[in-house]
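In what follows, a structure is listed as structure tokens, so that the remarks can point back to it.
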Amino acid sequence: MCGIVGYVGKHKVKDILLDGLKELEYRGYDSAGIAVLQEDNFSLYKAVGKLDNLVQKTADFNPEGFAIGIGHTRWATHGKPTELNAHPHLGESSYVVHNGIIENYQEIKKRLQAEGVRFLSQTDTEVIVHLFEHHLKSEPTPFDAFKKTLGELDGAYAILLVTKSLPDTIFFAKNGSPMIIGLAEENEKYFASSDAPLIGHAKEVVYLGDGDYGYVSPNELKIFDYNNNSVKPTLATLPTSKLSAQKEGFRFFMEKEVYEQSAVISDTFIGRIQDDGIVFEELDPALFDGINEVKFCACGTSYHAALASSYLFERYAKIRTSVEIASELRYKEPLLLKDTLFVVISQSGETADTLETLKMAKKAGLKTLVICNVDNSSMVRLADASILTRAGIEKGVASTKAFATQMSVLWMLSLSIAEQRSTLTTEEIKAQIKALRSVPSCVQVTDELHEKIRRLSKRYLHGHGFFFIGRDVFYPLALEGALKLKEITYLHAEGYPSGEMKHGPIAMADPELFTIALMPKGLLYDKTKSNVEELSARDSTICAISPVEFDKADDFIKTHSHDHYMLEFFEMMVVLQLLAMEISVRLGNDVDMPRNLAKSVTVE
Ligand code: M6R
């Protein structure tokens, strides 16, 4: 999704903007641009495609001394990924960058066009800068013009605007899309859509709230809230190291993140798994008082984590559990009852649809909890309670370690509620804890496993599609395996409960249909086996993943026998991630930044 950076100061403005955009690459984009204002002169550079194209275009542009600058990576929503549509967008003497969607842009555009304003792009964003310049003519100050502009915009946005009429100032606004201000020595000010570009530059940051707007100059930082009241900035500190965000010798971030899963799951357990129980110090036990249902809501991989954990919540905590896809829940006029704990799950904490459902639940008076990987994200700040997943920065667009830590937290949470509701005995809890402690070793990638999957991957580069099948928690895992494959290989894949095959999908079975069968020993093995045999009998090519030898398999990936089916779940999760990655590598795709996808989906 689009990324924004900004800078006011006397250091190397171009490098700061480009380095910042580089840090935001993981969000996904298809073009990029920067605008720098120095001594009344604007310099503008834009390029389609990778950031390297912009770096090359700006090779001879090396401004020294005080300047202000804004930069943007664009993930196309309105208009194709072209240079004209790339940000920053120009008025007569001002530039704007924007993340989000201006819903009423067409109406504003028509109005301005009727007054003779000429638009160059197909974007919704361009109306912002023209509307600002329109108001500049009648308002007493540029800031008044900016404020008036914001008053006419509907939709979600994070905006930076610079204008020659105040050449040391950046105007900003945030409503529904992320925006952080960083403060450094020598009166430098930074802007970014997430923490990453600010690490190493800013010592303190301000996380803007929805409705906040204002301006920065070397000597000032002014923030106003949606009621137009001046707000005293709340300063937070940033970590100082970027090490965790680098590839450390792996070919791709995704690969590094798969290998990191053992360590980050261990981190996620620290302080939470104790000898005789599960402890979430961050949760007030009263959160569960009067709760008769847990409703999970999420998108993509996080939705799969929700679906898998719904089995655990009903099985262990004996609590009614429902699961919703956020983009569906938003518009279905759902029944949100106050005895429901509303739980959103999100790696980024910024996914627009999930965030909106959290707002809906809050408005309906429900207690809310977020399970999230990014502290201080919008969801964490909004929910009544939060549990952080401690996966560290996840850069690969295809989520891996975030899913692993979500599942770890959710399994623990189901047990914690089971303890509170006395639905498991002390002995049963102890047995579960013993299993939990084994998760970090189950997800370790051995050379043998990785090499086996690498070799096998060459057999799965063609065909007319993949079925990933499993039962119980292995059904959401099958969905996740199919999603991973689709995202980075662009091959068609579907996840199914294995018992559903004969209700239609089995009609597709032939040798060119690849079935990836999740066949855990510890859960419904015989049932799943029958379903796989039915597919095999119809000549589907079968890749079975199981600790039990299976003679009908064309390919077989042997996993370990474990005492608990969830350990099989975690081990198979790694197999599916590696399989998708190795097929993607063989197909020559960009593993970390697959086409058409964004890491953080901040528009609906
Ligand atoms: O940040 P979130 O967990 O809210 O993101 C939700 C989905 O956009 C995300 O899981 C997406 O499906 C990933 N690309 C999956 O690999």
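The values are calculated or read from the model by the stated rules, or taken from the named source; none is laboratory data. Because the structure is a prediction, the values reported are computed rather than measured. With ideal geometry, Cβ positions are generated from the backbone for all residues, glycine too; neighbour counts draw on all protein chains shown. Note: accessible area is taken over every heavy atom of the protein model, side chains too, but ligands, DNA and RNA are not part of it. Shrake-Rupley method; radii C 1.70, N 1.55, O 1.52, S 1.80 Å.
Length, then width, then depth: along the principal axes, the Cα atoms of the stretch 278-439 run 43, 37, 24 Å. In order along the stretch 222-227, phi translates into HN-Hα couplings of 10, 10, 10, 9, 5, 8 Hz, rounded to whole numbers, per the Karplus curve 6.51 cos²θ - 1.76 cosθ + 1.60 with θ = phi - 60° and x for Gly and Pro.
With a 1.4 Å probe and all protein chains kept in place, how do 411, 75 rank by accessible area, largest first? Present the calculation step by step, with values, prior to reporting the outcome.
Values: 411 0, 75 60 Å².
Solvent-accessible surface, decreasing: 75, 411.
Heavy-atom accessible area for residue 101, with the other protein chains in place and a 1.4 Å probe, reaches approximately 40 Å². Residues in the stretch 83-89 carry Karplus couplings, in order, of 5, 4, 7, 5, 8, x, 9 Hz; the curve used is 6.51 cos²θ - 1.76 cosθ + 1.60 with θ = phi - 60°, and Gly or Pro positions show x.
Among the GluC sites (Glu not before Pro) in the stretch 222-312, those placed in a DSSP loop whose Cβ has at most 15 other Cβ atoms within 10 Å are 248, 281, 282. At the residue level, residue 560 shows approximately 120 square angstrom of accessible surface with a 1.4 angstrom probe and all protein chains present. Summing Lys and Arg as +1 and Asp and Glu as -1 over all other residues whose Cβ lies under 12 Å from the Cβ of residue 551 gives a net charge of -1. Largest accessible area first, the residues 77, 405 order themselves as 77, 405 under a 1.4 Å probe with ligands, DNA and RNA left out.
For the chain, the convex hull spanned by the alpha carbon atoms encloses 157 Å³ per residue.
Calculated mean residue ellipticity, 222 nm, the chain: -10000 deg cm²/dmol, from DSSP H runs (n ≥ 4) at -39500 (n - 2.57) each, averaged per residue and rounded to 500. Can you give me the distance in nm between label points at residue 537 and residue 64, each placed 7 Å from the Cα along the Cα-to-Cβ direction? About 8.1 nm separates the two model spin labels. Here the dipole of the chain is about 440 debye; that uses its Cα centre as origin and unit charges on the Cβ of Lys and Arg (positive) and Asp and Glu (negative).
In terms of packing, defined here as the mean over residues of other Cβ atoms within 10 angstrom, the peptides 147-153, 468-474, 79-85 line up highest first as 468-474, 147-153, 79-85.
Evaluated on the stretch 511-576, the Kirkwood hydrodynamic radius is 11.8 Å, with distances taken between all distinct Cα atoms.
Which net charge results for the neighbourhood of residue 97, defined as the other residues with beta-carbon distances under 12 angstrom from its beta-carbon, given Lys and Arg at +1 and Asp and Glu at -1?
On the way: positive: 46, 74; negative: 126.
For residues surrounding residue 97, the net value is +1.
Heavy-atom accessible surface of residue 134, to the nearest 10 Å², is about 60 Å², with a 1.4 Å probe and all protein chains retained.
Where Rh denotes the Kirkwood radius from the mean inverse Cα pair distance, what is Rg over Rh for the stretch 3-245? Numbers along the way, then the final one.
On the way: Rg = 16.5 Å, Rh = 17.7 Å.
Over the Cα atoms of the stretch 3-245, Rg/Rh equals 0.93.
A Cβ-based charge dipole, computed about the Cα centre of the stretch 3-245 with Lys and Arg at +1 and Asp and Glu at -1, lands at about 300 debye. Placing a pseudo-label 7 Å from each Cα along the Cα-to-Cβ vector at residue 284 and residue 426 gives an inter-label distance of 3.0 nm.
On a 21 Å Cα-Cα criterion, which of the cross-link pairs 332/359; 22/247; 338/363; 521/558; 80/174 come out too long?
Details: 332/359 15 Å; 22/247 14 Å; 338/363 11 Å; 521/558 11 Å; 80/174 25 Å.
From the list (332/359; 22/247; 338/363; 521/558; 80/174), the Cα-Cα distance tops 21 Å for 80/174.
A Cα-only calculation for the stretch 46-179 places Rg and Dmax at 14.7, 42 Å. Inter-label distance, residue 234 to residue 187: 2.9 nm, where each label sits 7 Å from its Cα along the C-beta direction. Taking a straight line from the alpha carbon of residue 110, these aspartates and glutamates sit under 17 Å away, with near neighbours fewer than eight places off in the same chain left out: 124, 126, 133, 152, 154. The Cα trace of the stretch 279-359 gives Rg and Dmax of 12.6, 36 Å, the first to one decimal, the second as a whole number. Could you please report the charge total around residue 432, scoring K, R as +1 and D, E as -1 over all other residues with beta-carbon less than 12 angstrom from its beta-carbon? Neighbour charge sum, excluding residue 432 itself: -1.
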